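This report concerns only the one structure given below.
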Amino acid sequence: MARRDLSGAVDFTVLERMTGGDDGISEEVLGLFVQQAAMWSQMLDVREDGWRDGVHTIRGAAAGIGAAALAAACQTAEAADKAEAPPLLDRVRDALEIALADVAAYRHELMLRSLRG
């Protein structure tokens, strides 16, 4: 995977502005995003008491790296009633999967740049 594999689900210029273009910091931030996604995505089910907390946390992390569609899906799900939430949580999971694929491609590009020196 490399930058050419990006779907556009994440606008990495947001991340680059936040990190000042420092690849090491970008890698660290993206690594934290991946860890948070793994931890909080398990709560994206209305049967979990903390499902809103999971959506809220993913929303903030997504906004921080430029995953606007994911952040928007999270915002919609977070505001929904519990009865309306299941299909919205499905959309969050789908958007998260796409964003994670972009993150993987971008991290691969960062790794290749670091190897080139």
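The values are calculated or read from the model by the stated rules, or taken from the named source; none is laboratory data. Just so we're clear, the structure is a prediction, and the values are computed from it rather than from any experiment. We place every Cβ from the backbone using ideal geometry, glycine too, and count neighbours over all the protein chains shown.
Below is a table of values for the structure above.
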| quantity | calculated |
| --- | --- |
| Contacts under 6 angstrom Cβ, first residue in the range 30-48 being under 15 Å from Leu15 (Cβ atoms), partner among the small types (Gly, Ala, Ser) and part of a helix (DSSP H, G or I), 6 or more apart | Phe33/Ala61; Gln36/Ala61 |
| Residue that is surrounded by the most Cβ atoms within 10 Å (Cβ to Cβ), among those in the range 64-92 that are among the charged types (D, E, K, R) and in a helix (DSSP H, G or I) | Glu78 |
| Per-region count, the range 9-52, residues farther than 17 Å from Leu110 by Cα and outside any helix (DSSP H, G or I) | 8 |
| Close pairs (9 angstrom Cβ cut-off, 6 or more residues apart or separate chains): at pLDDT below 95 in the range 60-87, loosely packed, with under 15 Cβ neighbours inside 10 Å and not in a helix (DSSP H, G or I) anywhere | none |
| Matching option when the condition is surrounded by 14 or more Cβ atoms within 10 Å (Cβ to Cβ) and more than 15 Å from the chain's Cα centre (by Cα), among Leu110, Leu115 | Leu110 |
| Checklist (1) without any contact (Cβ under 8 Å) to a residue 60 or more places away in the chain; (2) among the small types (Gly, Ala, Ser); (3) in a helix (DSSP H, G or I) applied to Ala95, failing item | (1) |
